[in-house]
1. Go through the stretch 95-129 residue by residue and tally those that are hydrophobic (A, V, I, L, M, F, W, C), under 22 Å from Ile191 (Cβ atoms) and in a helix (DSSP H, G or I).
2. In the stretch 309-364, which residues are in contact with a Lys or Arg (Cβ under 6 Å, 6 or more places away or on another chain), polar (S, T, N, Q) and under 30 Å from Ile181 (Cβ atoms)?
3. Checking the condition more than 21 Å from Phe263 (Cα to Cα) and touching a strand residue (DSSP E or B) at 6+ places or on another chain (Cβ under 8 Å), which residue from Gln161, Gln157 passes?
4. Just for the stretch 251-302: of the residues that are aliphatic (A, V, I, L, M) and touching a residue at least 60 places away in the same chain (Cβ under 8 Å), which one is nearest to Thr194 (Cα to Cα)?
5. Across the stretch 74-94, what is the total count of residues that are surrounded by 14 or more Cβ atoms within 10 Å (Cβ to Cβ) and not in a helix (DSSP H, G or I)?
6. Residues in the stretch 40-56: is at least one at pLDDT 90 or above, in the same structural domain as Gly168 (by TED's automatic domain parsing) and polar (S, T, N, Q)?
7. Just one of (1) small (Gly, Ala, Ser); (2) surrounded by fewer than 21 Cβ atoms within 10 Å (Cβ to Cβ); (3) closer than 30 Å to Met205 by Cβ trips up Gly58, so point out which.
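The values are calculated or read from the model by the stated rules, or taken from the named source; none is laboratory data. None of these values were measured; they are calculated from a predicted model. Because the Cβ atoms are built from the backbone with ideal geometry, glycine has one as well, and the counts that use them run over all protein chains shown.
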Amino acid sequence: MNKKYFIIPIFVPHLGCPHDCVFCNQRRITGLSTDMTSEKADNIIKDHLKTIPSLNRGLEIAFYGGSFTAISPDMQRELLNIASYYKKEGIVDRIRLSTRPDYINERELLLLKEYGVDIIELGVQSLDEEVLFLSGRGHKSEDVYKASSLIKSYGFQLGLQMMIGLLGDTEEKSLYTAKEIVKLNPICTRIYPTLVVKDTFLEKMYLDGRYKPLSLEMAVDISTKLLMIFQYNKINVIRIGLQPTDNITLGKDVIAGPFHPAFRQLVESNIYKKILDEYFSEKDFKDIKEFVININPKEISNLVGQGSINTKFIRNKFNISKIKIHGENIPKEIFYIKNHDFYDKINKDEIIEKYLLKEDLINN
């Protein structure tokens, strides 16, 4: 059984970040307006340790926000020294940080190695040159490939983050970025739909009519394809969408864009919709009007969809009068469809593979 990890997040908003990307306001996103210090980091770790259960846990200290490797080496050492202490004492298992691909070099990686950093996540956002330029990223796609290779050569675990719906982005460009990320073979990735956040250049462009964010439906559909691509290639998608907070919500610091407090569930549910559509489209059930689906109880809400959208879709499209859902202690990767005349085992991965092949979404 995989160890369940608890994250101790330490945010360093805009600390050292050399660029103001058009979409970014780390202080709004993190809810923090003060710079991080070693004393504050130590207090954050201690406070979290008081609340995290001690049994069957894995602990990780993660430095988020800004561009960690762009801050001064002295400040890096100050913060990493705190995290390294807890790792050396066996209190935490690993250390993670996020940074920019153009601020990775051999000297930097030697410093991170010295303090026991385990995982380095790169904010890739896109691997399309036009999208990177229009977003004010300040680096090119080649920096991502070089940094990824260097990180892995030094024995670190690699994580890659991408965004959809940026300036100049299209569904095709997002899918291209995902396929390239697969080639880089990270252990994990994150998918962030672009939101219009207050006090960003993107807000000005949106208000001037120069930027149109993705609709929620489009963002879910693109993210669905991305998630299937990554899952098929055994890449762990550890987040889809920004973490909702008191301020990160529509009407507060998010003024437009495909925000939803349960965005990942919408995506997971949409995968089931595609799986059910693929399955029933291949079968001849003209004379069968009632079905029972047995599935792992934790997957029922994703299968049914919010407001029963998935079951309603299947019933209407295939003229089915009734679908009953029963929870059963079975693996999450499979479910069963049955009635009085037959009993069919559905392997999610197999149908996803068929869909990806049909849509030409698998790397050759």
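1. The total comes to 0.
2. Asn310, Asn363
3. Gln157
4. Applying the filter and picking the extreme gives Ala256.
5. Qualifying residue count, the stretch 74-94: 3.
6. Yes.
7. (3)
Rundown of residues vs (1) modelled with pLDDT of 95 or more; (2) of a type outside the set (Val, Ile, Thr); (3) under 26 Å from Gln243 (Cα atoms), yes/no style:
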site: Ser38; (1), (2), (3): no, yes, yes
site: Asp74; (1), (2), (3): no, yes, no
site: Tyr85; (1), (2), (3): yes, yes, no
site: Arg100; (1), (2), (3): no, yes, yes
site: Leu122; (1), (2), (3): yes, yes, yes
site: Gln125; (1), (2), (3): no, yes, yes
